Amino acid sequence: MTEFLPISSSGHLVLVPWLLDWENPGLAFDAMLHMGTLLAVVVFFWRDLRDLVMGGLASIRERSLAGDPSRRAAWLIVLGTLPAAFVGFAFEGFFETLFGAPVWVGVLLLVTGTLLAASEKWSQRRLEVTQLGWSDALIVGLAQALAIAPGISRSGATISAGLWRGLQRDSAARFSFLLSVPVIMGAGLFQLKDLWEVPDAMNSPLVLSAGFVSAAISGFLSIKFLLRYLRSRPLYPFAVYCWAAGLLSILLALLSIR
């Protein structure tokens, strides 16, 4: 659910097991969660994704972006994905250390809340996704790269960046979700690669299936809810949630209370 709501899925995956003193479920379970959320976004946006793939292939074949808006949109998605791919590869070790630091996750949740509130208050929302420029896509991609850190919401950062670049709320969310497909797929494949190298026998097929199905269903419903919500309502409730969760996490971590 939190993969698509702007409240940081990675932050919740750190804080909830820490607070409840759960063991790490292992790579296999994490990979299945990524595959579940990937299925959710692909099913919800399958027409858009089909048009993007066809448009991208046509632009390569004809060496032209003219005519079909999907051609240009496909390359905007590619451009927006590059920063996260580079940052994730270059600074993997640094971000891994943050996953063991609940205090920092709490601090970064406060940052996410501030980004959401600031973009809601001061941005000018007038553009559709098809009106994005190359620099706009790159800036949204840089925001997505920063969200590798647990506590910085990927959807929150990209939606906020989209709002700052002039996108309407629901258009910013739609671009954010489409931009998530290569990242979620890459993360899932990366975990499967590690799983191949170091087999993980911690979970039964039933547990893995339950994780996959619950991630797919909750992810689909979250996308549907957020797109409908943002057509007419602000981001402030999500900002307040992030501030509350961040402050509580910092307090509990400093007091060593779980």
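Odds and ends about this structure:
- Test: residue in the stretch 98-121 that is surrounded by fewer than 20 Cβ atoms within 10 Å (Cβ to Cβ), of a type in the set (S, T, Y) and at pLDDT 90 or above: yes
- Helices (runs of 4 or more DSSP H) within the stretch 27-121 that include 3 or more residues without any contact (Cβ under 8 Å) to a residue 60 or more places away in the chain and of a type in the set (A, V, I, L, M): 46-62, 69-90
- Test result for L13, outside any helix (DSSP H, G or I) and surrounded by 15 or more Cβ atoms within 10 Å (Cβ to Cβ): no
The values are calculated or read from the model by the stated rules, or taken from the named source; none is laboratory data. Just so we're clear, the structure is a prediction, and the values are computed from it rather than from any experiment. Cβ coordinates were reconstructed from backbone atoms using ideal geometry, including for glycine residues, and neighbour counts include every protein chain displayed.
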